[in-house]
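Peer 1: Structure incoming, see below.
The values are calculated or read from the model by the stated rules, or taken from the named source; none is laboratory data. Nothing here was measured: the structure is a model prediction, and the numbers come from that model. No Cβ is skipped: glycine too gets one built from the backbone with ideal geometry, and neighbour counts run over all protein chains shown.
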Amino acid sequence: ETPKVGKRAGQPVENHPLAWDLQQRLVKCVATNSRSKEMAQCAFRTFVRAYSTHPRELKPVFHPKRLHLGHLAQSFNLRDTPTMMGQSASKAEKVRRQKDAQVAAKNNEKKRSGSRTLHTGASKLKLIPTVKKRRI
């Protein structure tokens, strides 16, 4: 049942001027604060990924292609639907993960070699590996 609110009794809450004003203020707040916007976009993407992983039996109810992304973005107080969705997102994510794995592999290789590299501008100086002295 629709809540009764002052002069607007009987009108759905989402059409109430105060609810609309609050929604617009929250959207503006998220749009102007980069950290909040980043968090809202991350939450949006996470929700869409989770939504699309429902079991097959529930797909008639929770079908990802029937999800209105614009309305969902508005529920996260975003003005626009975030990018990096769908197949292009998974490709970009895969490329990013591969690059991260390559960087991690290089870092692990450097750690295993026992030597350290000192970066000074464009040149690199190789330092002699340090040897710990043992007490006898």
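Peer 1: Could you please find all residues in the stretch 17-75 being of a type in the set (Val, Ile, Thr) and touching a Lys or Arg at 6+ places or on another chain (Cβ under 9 Å)?
Peer 2: Looking only at the stretch 17-75, we keep the residues that are of a type in the set (Val, Ile, Thr), and these are 27, 30, 32, 46, 48, 53, 61.
Answer for the stretch 17-75, where residues must be of a type in the set (Val, Ile, Thr) and touching a Lys or Arg at 6+ places or on another chain (Cβ under 9 Å): Val27, Val30.
Peer 1: Across the stretch 26-78, which residue is modelled with the highest pLDDT among those that are among the basic types (Lys, Arg) and loosely packed, with under 10 Cβ neighbours inside 10 Å?
Peer 2: Among them, the one singled out is Arg35.
Peer 1: Could you please give the count of residues in the stretch 48-69 that are touching a Phe, Trp or Tyr at 6+ places or on another chain (Cβ under 8 Å) and under 18 Å from Thr81 (Cβ atoms)?
Peer 2: 3
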